[in-house]
Structure formats: C-alpha cells, structure tokens
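Student: Could you have a look at this structure, given as structure tokens, before my questions?
Derivation of every value follows stated rules applied to the coordinates shown; laboratory data play no part. Note that the structure is a prediction, hence the values are computed from the model and not measured. Note that each Cβ is placed from the backbone with ideal geometry, even for glycine, and that neighbours are counted across all protein chains shown.
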Amino acid sequence: MFDTSCQVELLNKLVAHVEEPRRLTFADSHLTSFATVHKTEHEQKPDIVFLHPGDRGAGSSTPDSTMLPSESHHSERYRRCAGVIEVKAHEWQDPIQDGKIHATKTAKETIAQIAKNARSLIMENMSCFVFVIGIYGHQARIYRFDRVGAIVLPSFNYVEDYTILGRFFYRLVHPPAPATSGIVGADHTIAPATKEEKISVLFKLLHGFSYGIQEGTMAVMNSHRIQVRYGNDASTPLIPCFTVGDCLSGSAGLFGRATIVWIVVFLEREELYVLKDSWRECHRRAEYTQYESLTLRGHREPNTPLADCVGSVDMGKEMSADGGYRTLSMTPDTLNRTRNRLLLYPVGHTLESFSSTRSLVEGIRDAVKGGRLLYCII
Amino acid sequence: MNPDPFVPPKIPQPLPGIPHDLTPRKHKEQNGPYVANSDVLRPEANVDRWVARVECRLFVYTGPVSEFISSWVPSSAADYDPPANLGCSAVSVPKGRAEDDMYGPLVHGILW
C-alpha cells in the first residue's frame, strides 16, 4: 500500500481524449474501505479504481449506472467501479511466474486479492465478465474474469508502451452493439428503473397487490428493469420486468451458477413472478425443458406442488457472442456456462412467513415432492 | 424396574474416598461445520481457499498482447488513436530509471 498518484495521473491522461460521456475516471482508493459481498470476509482497499463512464467520483451520484440492489451489508462502492487496479511496487511481486501462480505466500495473497475484487465487481454490477489489472513495478497484467475462469494477459511494460493500456480502456468504454453505453462485459439487459418507471411500479403495487405506501416505496427504491421473455418460444421478444425489493437469494461465489432470485412485476400483467437468473453449464439441460417434460408426460396435475415456468430465455444462445452471455474461458467448450433467465409463477412464501407449524411442514413436503418430480421422475 | 420417565434421574454421588470426575464428557465427533477452533476462519486458510479456486481456472494467454485485446475485449470502437501529447515526460511515472529509484520512497513505508 503506497501512494499511487503517479499511476492515477498517467491513467487519467491516457483517457483524457475520450469523449466526455464515455470517459473513465481513475481514483486513488488505497485508503478507502470497500465492504466485500460476503459479510464474513474482511474489507478491501483496492489501490486504484476506475469509475463507470460518466461518474466523476468525489460525491457525484450515479443514478443511471447499471448496478443492482443487494443486501444491506453489501458495499455500494463496488457498484460505482468499472474495474480495479492493484498496484505492487516491484516486478518480483507479480504472482504469476512461468505461466502459473507462484508458490509463495505473497503471490497467493495477491491472487486472492485480485480474485476477491473480481468477485465483488462481477456480483455488484451483475456483469457477464470483468477486468482487473495488476501493476507490478513497470509491468502490468490484465485479468479477465467470467463465471467459469480467468484469462490473464502476459505482463507488459505499461510505462514504455502506454498505448496497450490506452487501447484497452478505449475499447472498454465502447461496448459492441446493441449496447450503446456502459462498458464491455456489462449486461445491457439490466438497468436501474427510471423515476417514471418506479412510480408506475409503485402504483401497480399499491393498487394491485395490497402493498402499503411505506412498504411499496421501499420495494421500488432500488428497482431495476430486467429484460426477460414471457413464454418459452424463442421468437417472442424480450420485454422489461421490474424487480420488487431486494433479491430473495443470491450466490456469493465467483465461479459457478451464480444464481440470483428476485420477485418481479410486469406493468402490463396483474401478477407477481419469480425471476431466476443463473449461469447453466452448456452440457446440462435447460431448466425450462424439465418443466415442459412434466406437462408432456402427464405429471402435471392441478394440485401438483410445483411452480409453473411461464417464461425463459437462454441469453448465451440468443444474444450476440460479444455480449459475454456465454463464457469463453474454459476448455473443452462444454464446461463453459450460458446465462439463463427463468420466470416462475406463483411466488411462494419465505419459511419465516408461514402461519403455523403445519403449513411450514407442508411447504417442506411440497418442496420435496416438487424436487422429485423435476429431477427423479423425468 | 423401568425408570419413571417423569421422575428426574438421581445424580450419581461420588463414593466416599473416591474423587468425582468433574471433567466434561467428550462430545462425539460431528460432521457439521464446527468452526470455533478450526482453521476455516484463519486468514491464511481463506487465502488458500481462494487460490485453490482460482488456480485450476486461471489461464495465461500465450499470444501477442494486441491479439488478446482484440479478441477478449470486444468493442464497437474503431482503431485506437493514442493521445498525441502523452509522453512519459508528461506524467509522474519516470522512465528509464531503476525501479527502486522510482518506488523506493513509496515502498519505504511498507518494508521498513
């Protein structure tokens, strides 16, 4: 941990010629505590952060940045960051030697630090992939993390050949179509709801779902607009739904399915739904096909204790390959993951909200029955 | 005679002349996440866990740097045009000096 002002100055000059709405801002953050997404872990102090395009830092708010709500113990600081740079003074502190992680304690701590930063960035921003940069003396490395692995660039001298980092940051703020703003790796199908949209959602909750004014206001405060398909036909276009309240559950891991679940509402429909966003391994069956099989095989009776899958989208299959909705880090390709969204109905109760022990036990019984139907009978 | 389930069992008293064993009975070994004295929460263990997760999933790109940026940072941007006036003399990162000269004063606070 040391003064990184010279690096910050260099980096800000590197992007100074980029047009204003897309320009990144680099800031020295080595004295700023960033709470990690997992409450059992220590806070982090990344050396340098680059804020999302348009965020000038130092108190400027980012109401329109592509960030999602999270539980109260989560840090909001990572949400303002497009990426993180960890700086070490010497070249020998590079944790990767001869193509693999060096077996020293320092190297391990450095890699863990970089991986934790990547996890916090990818989770708080709901990105498809993120970049973390390591600076070791005059050498630098770019790490690209997605939900299955990381690709690392060989180290290069960023002082002598500063155009490498310049080109990297320039491309970073010009994501491929259809995204028109944000950064490469961000999910352009998720965005914070506008003020007008929040009012519409609040009105819907008050009049359609018996929400109180206080409860409804809290529920829409961090509402986000997420594109999803109502129906399972790939030709049906994606439509926006809006999250209600904090996520019901979310995985805190860097690699894996990274499942996150919300309650959502459509402005045109009269029900609440559950939206499940996850990264499925490409060799596994799509989840909605299991729900379809139940109906086709006649296991779907009126009192079957199982939610209906009323919508699904396989983003990795349907969206542009450049969007990052399908991971690329693993070989063989079948081990890569594709981003899926599943729309379920009806919304259940949380275990804490059951009125009696009997209903709690019935709920658990139904969950077991539903699980057997989905994964054992088929 | 079967013990009455509603009558609390008598607490065995130490026999006269024999010291009563007051050491608590050992608990059975459990499979649950018992963490009070375990290594799980030690920082070193945390780091090792992270490294173990990342190690088998981290791949060092072997091609040229420009190719990496072209293929792994997809972009709608045209070719990058570096800023004209950005020489290293324009910034505070010195060039062509020994690394210790550059970072020495900064590192001093950490190592000594």
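Student: List every residue pair whose Cβ atoms sit under 9 Å apart, with the two residues 6 or more apart in sequence or on different chains, where the first one lies in the range A:98-118 and is within 9 Å of chain B (Cβ to nearest Cβ) and the second, anywhere, is part of a helix (DSSP H, G or I) and small (Gly, Ala, Ser).
Tutor: So the pair list comes out as A:ILE101/A:ALA107.
Student: A:TYR143 fails exactly one of the following numbered conditions: (1) within 19 Å of A:PHE50 (Cα to Cα); (2) part of a loop (DSSP other than H, G, I, E, B). What is the number of that condition?
Tutor: All conditions are met except number (2).
Student: Tally up the residues in the range A:146-198 that are part of a loop (DSSP other than H, G, I, E, B), more than 8 Å from chain B (Cβ to nearest Cβ) and in contact with a strand residue (DSSP E or B) (Cβ under 7 Å, 6 or more places away or on another chain), please.
Tutor: Of the residues in that region, 7 qualify.
Student: Over 19 Å from A:THR259 (Cβ atoms) and surrounded by 21 or more Cβ atoms within 10 Å (Cβ to Cβ): which single residue out of A:GLY311, A:GLY323 fits that description?
Tutor: Result: A:GLY323 is the single residue among A:GLY311, A:GLY323 that is over 19 Å from A:THR259 (Cβ atoms) and surrounded by 21 or more Cβ atoms within 10 Å (Cβ to Cβ).
Student: Follow-up. Working only within the range A:251-279, note down all residues that are part of a strand (DSSP E or B) and in contact with a helix residue (DSSP H, G or I) (Cβ under 7 Å, 6 or more places away or on another chain).
Tutor: Scanning the range A:251-279 gives a single hit, A:VAL265.
Here is a yes/no grid of residues against (1) closer than 28 Å to A:ALA179 by Cβ; (2) among the β-branched types (Val, Ile, Thr); (3) touching a strand residue (DSSP E or B) at 6+ places or on another chain (Cβ under 7 Å):
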site	(1), (2), (3)
A:ALA307	no, no, yes
A:MET315	yes, no, yes
A:LEU328	yes, no, no
A:ASN336	yes, no, yes
A:THR357	no, yes, no
A:GLY370	no, no, no
